[in-house]
Each structure stands twice: as C-alpha cells, then as structure tokens.
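As structure tokens, the structure follows; a few thoughts come after it.
The values are calculated or read from the model by the stated rules, or taken from the named source; none is laboratory data. Given the structure is predicted, the values throughout are model-derived calculations rather than measurements. FYI the Cβ positions are ideal-geometry reconstructions off the backbone, even for glycines, and counts take in every protein chain you see. Protein only, heavy atoms only, side chains kept; ligands, DNA and RNA dropped before computing areas. Shrake-Rupley method; radii C 1.70, N 1.55, O 1.52, S 1.80 Å.
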Amino acid sequence: MSTAGRVALITGAGSGIGRAAALALARAGWRLVLAGRRPEPLQALAQECGGEGAALALPTDVADPAAVRRLFDASVQHYGRVDLLFNNAGTGAPAVPLQELEVRHWQQVVDVNLSGMFYCIQNAFRVMAAQTPRGGRIINNGSISAHAPRPHSIAYTATKHAVTGLTKSAALDGRAYDIAVGQIDVGNADTALAQQLTQGVLQAHGAMADEPLMDVDIVGASVLYMAELPLSANVLFHTVMATKMPFVGRG
C-alpha cells in the first residue's frame, strides 16, 4: 500500500506540534483525523489541510475512554482504517514547588498524558489489528524531560517517564499485529507554550536563563519521516531539539 492516501489520526492537533505534524502529513498526501478539545482550531486546520475528504475534525477529550473509542470508531467509519496514530495530546501543571502542587493538577496531567495516551494506544491496537491490510504505526510524543527534568515539573516528568514505558511495552506487543510503535522526544520547539522559554526559565542550578527555540515545522518533518517508514522498520526513539538548548549536560 503506498503512503499517499493513508490515514493518520492526530491527537492534540489544534496547535503546536500536533498542527505542524498535520500540515506535514497533509502535504505528503495523508488523509487526516484531527482530534483535540477545541473545535474551532480543528476546523480551521482541516480546511488548511484540504477540507472535506482530506481532513476530518473530531473534537475529543482523550482523558475520557468512551470518547476515545468513539473517535476511533468515527475514523474507521469515515475512512475505513487508521494507519498512523500520532499520540500527541498532553498537558502540564503549574511550575510550583513539589509540596505546593495541588492534587487536582497532578491528576489532570496523569489523566491526559498517561491514561489518555493509553486509551489511544489501546484503541489503535483494536483497529489496526483487525483491518486489512493489517497493522499500522503509533508515534507517542514523549519528552526530553524524561531524561533530564526541569525544576518544579514532577507531574509532567513522571508522566513522560511513563510514556517511555508505554512505548516499549506497546512496541513489544505490537509485533504480533504488524504494529510499529515509536516515540519522539522534543526539546524547545517554537510553539505558543514554549515562548516563555525565551523570557527566562528556571535552570537546575537555580538561575534564570533564556533558551533558544527551533522551528516547530522541524518536528512535523520528523513525525513525517517516522510515519513513512515501511512497517518492517521502526524508529523506537527519536530526539529532536534546538541545538543550543541546555539539555546535554543539564543537571
């Protein structure tokens, strides 16, 4: 089956990395299912990606397992299959000292970053194992925070460590169904959320420092590269980052 015309489902598609990946995949001929919590950005992106027939916008809260199942069922009903899941939806908690983090903020991060990612993986397996031709690819959005966390990031960092466990386990279990599972770890992509990094961010040694960013479209290109590999090959972990950001040597 040629890459052109394959179906990619992207969570957290309305902005940032998800949007960049959607545009890169659309330019390469993929048909898209765009999921996120806010309908307006999804609809605008769907039009930018080619409109009806090329992109389907489906507002979804990935923290709701029933909503995730409906998302995948609607994708199959519309396109007949799902070839790629870019498991991108994620959130963070306020950057406060650990002892001040509210339980509700911890739970929100766990619900989206860990449980939501699992719900999407589980439904992708359900669909990909049963479709013909069988199989597909899952790309989980991890983080370099799982290797070198920032101060005051325990909820985000803990869940991104867990994403690595999801990736490894799903990659192993996916072999039986021709499902390739990999992970992309991104450092300082230029998104609206990352703009604060250029205004000073707390470093491990206690000082504040501005950090460089890279074009978010580079992340979209990386997702496209991973997506277009044949299912006989897999990028298990891919790190893409601003060259001069303080990651190597951090801590």
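Numbers below:
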{"read-out": "G174 vs. criteria within 30 Å of Q99 (Cα to Cα) and in contact (Cβ under 8 Å) with a residue 12 or more places away in the chain", "value": "no"}
{"read-out": "Residue list for segment 71-87, filter: open to solvent by 10 Å² or more (accessible area, probe 1.4 Å), part of a helix (DSSP H, G or I) and touching a residue at least 12 places away in the same chain (Cβ under 8 Å)", "value": "A74, V76, H78, Y79"}
{"read-out": "Selection from segment 168-199 of residues that are farther than 18 Å from N88 by Cβ, at pLDDT below 85 and open to solvent by 70 Å² or more (accessible area, probe 1.4 Å)", "value": "Q195, Q196, Q199"}
{"read-out": "Members of segment 9-22 found to be part of a helix (DSSP H, G or I), open to solvent by 10 Å² or more (accessible area, probe 1.4 Å) and closer than 25 Å to F125 by Cβ, listed by number", "value": "I17"}
{"read-out": "Conditions (1) without any contact (Cβ under 8 Å) to a residue 12 or more places away in the chain; (2) under 27 Å from T132 (Cβ atoms); number of the one not met by Q47", "value": "(2)"}
{"read-out": "Meets criteria (buried (at least 17 other Cβ atoms within 10 Å of the Cβ), touching a Gly at 6+ places or on another chain (Cβ under 7 Å), among the aliphatic types (A, V, I, L, M) and in contact (Cβ under 8 Å) with a residue 24 or more places away in the chain) for L101", "value": "no"}
{"read-out": "Residue count, segment 30-70 (criterion: open to solvent by 10 Å² or more (accessible area, probe 1.4 Å), assigned to a loop (DSSP other than H, G, I, E, B) and of a type in the set (G, A, S))", "value": "4"}
{"read-out": "Test: residue in segment 13-21 that is polar (S, T, N, Q) and farther than 28 Å from Y225 by Cβ", "value": "no"}
{"read-out": "Flag if L25 is outside any helix (DSSP H, G or I) and touching a helix residue (DSSP H, G or I) at 6+ places or on another chain (Cβ under 7 Å)", "value": "no"}
